[in-house]
1. Let me confirm something: among Ile230, Ile188, Ile177, Ile241, which residue is assigned by TED's automatic domain parsing to the domain that holds Lys163 and over 26 Å from Asn106 (Cβ atoms)?
2. Of everything in segment 244-257, what is in contact (Cβ under 8 Å) with a residue 24 or more places away in the chain, of a type outside the set (Gly, Ala, Ser) and either surrounded by 14 or more Cβ atoms within 10 Å (Cβ to Cβ) or under 29 Å from Glu76 (Cβ atoms) (or both)? Give them in sequence order.
3. Free of Cβ contacts under 8 Å to residues at least 40 places away in the same chain and crowded, with 20+ Cβ neighbours inside 10 Å: is that true of Glu149 in this structure?
4. Scanning segment 169-200 for residues that are farther than 20 Å from Ala96 by Cβ and among the hydroxyl-bearing types (Ser, Thr, Tyr), which turns out farthest from the chain's Cα centre (by Cα)?
5. Could you pull out the residue among Ile216, Ile241, Ile188, Ile177 that is among the β-branched types (Val, Ile, Thr) and surrounded by fewer than 19 Cβ atoms within 10 Å (Cβ to Cβ)?
6. Evaluate segment 179-192: report whether one residue or more is touching a Gly at 6+ places or on another chain (Cβ under 7 Å), over 13 Å from Met91 (Cβ atoms) and not β-branched (Val, Ile, Thr).
7. If you scan segment 204-217, which residues turn out to be at negative phi and in a loop (DSSP other than H, G, I, E, B)?
8. Under 6 Å between Cβ atoms, at least 6 apart or on separate chains: pull out the pairs that start in segment 156-178 with a residue that is touching a residue at least 12 places away in the same chain (Cβ under 8 Å) and end on any residue that is part of a helix (DSSP H, G or I) and among the acidic types (Asp, Glu).
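The values are calculated or read from the model by the stated rules, or taken from the named source; none is laboratory data. This one's a predicted model, so the numbers in the text were calculated from it and none came from an experiment. So basically every Cβ, Gly included, is an ideal-geometry build from the backbone, and we count neighbours across all protein chains shown.
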Amino acid sequence: MKSTYFSLWLLLAGALAIFIVVSFSDDISLGTYTVKKAPFAETLVPDSLSANAKLAAGHESESHEELDPVEVKEVETDSVPKNILLFGDSMTMNIALRLAKYAKQNGHSLHAINWDSSNTKIWAETDTLNFYIRKLHPDFIFISLGSNEVYFKDPYKRHPYVKQILTTIGDLPYVWIGPPCWDNRTAINDMLEATCRPGTFFRSAGMEFKRKKDKIHPTREASALWVDSIMRWMPKSAHPILADYPSDTIGKVNSNIILLKALNK
């Protein structure tokens, strides 16, 4: 009797195992007959879990397609000395002091506009940039803006102002120097980099800076190292210009800095 019950339970267990395998498998064909997949698997595994698995699989497949190498064309350095305009917020002052030495070393001329407390909105909504472009006739531009927008919860709201500044610059080659962030939670650098043309944005976020007592502005020495990093990166930019390291014999140079009064906006 016990042997009969044991055989019956063994038979039931085998049938259940076959049922589960069929439920989790695709349709099985045997000659002219097809065993359809049972809905048992969907009962055990929620639809949302199944959908997430499919989404993950699809994403993985798409990512493999995106990993194809992108050809990067090296641009030849422009050997013609440039008339450089540097403009921006209060970070501009110390940048100009070091950039002036690079200008002297490489035959460039430099004018800098330091506008304390300024931001992309102020530069976009005034005629200041257009005025100095018409007055100084630069053929290369450095921009130092974004530091006064680091704390913005949604820096992408500043995107129209950045676009307006770039429209004013037009076809002139430029490098936008990203703000030396002291708060890594900001997305200001991401917005600026996404808006600028490829090869025209120098990302300063992530660099280490010795800062002044306000813990925001890099010291003069740190700013000099900052400019050195920018000029070492210059050959990788969209429009490389002469950027040889300044000789120690250069001495003092005129930075031609114009100071504008702060205008909070």
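1. Details: Ile230 fails: over 26 Å from Asn106 (Cβ atoms); Ile177 fails: over 26 Å from Asn106 (Cβ atoms); Ile241 fails: over 26 Å from Asn106 (Cβ atoms).
After applying the criteria, what remains is Ile188.
2. Step one: filter segment 244-257 for residues in contact (Cβ under 8 Å) with a residue 24 or more places away in the chain, giving 244-247, 250, 253-257.
Pick out the ones that are also of a type outside the set (Gly, Ala, Ser) and you get 244-246, 250, 253-254, 256-257.
Once the filter is applied, which keeps residues that are in contact (Cβ under 8 Å) with a residue 24 or more places away in the chain, of a type outside the set (Gly, Ala, Ser) and either surrounded by 14 or more Cβ atoms within 10 Å (Cβ to Cβ) or under 29 Å from Glu76 (Cβ atoms) (or both), segment 244-257 yields Asp244, Tyr245, Pro246, Ile250, Val253, Asn256, Ile257.
3. Working: free of Cβ contacts under 8 Å to residues at least 40 places away in the same chain: yes; crowded, with 20+ Cβ neighbours inside 10 Å: yes.
So Glu149 fits the description; yes.
4. Restricting to residues being farther than 20 Å from Ala96 by Cβ and among the hydroxyl-bearing types (Ser, Thr, Tyr), the top hit is Thr186.
5. Numbers: Ile241 fails: surrounded by fewer than 19 Cβ atoms within 10 Å (Cβ to Cβ); Ile188 fails: surrounded by fewer than 19 Cβ atoms within 10 Å (Cβ to Cβ); Ile177 fails: surrounded by fewer than 19 Cβ atoms within 10 Å (Cβ to Cβ).
Ile216 is the lone residue from the list that is among the β-branched types (Val, Ile, Thr) and surrounded by fewer than 19 Cβ atoms within 10 Å (Cβ to Cβ).
6. yes
7. Quick first cut of segment 204-217, residues at negative phi only: 204-205, 207-214, 216-217.
Result: Ser204, Ala205, Met207, Glu208, Phe209, Lys210, Lys212, Lys213, Asp214, Ile216, His217.
8. Sorted first by the residue in segment 156-178, then by its partner, the pairs are Arg158/Glu149.
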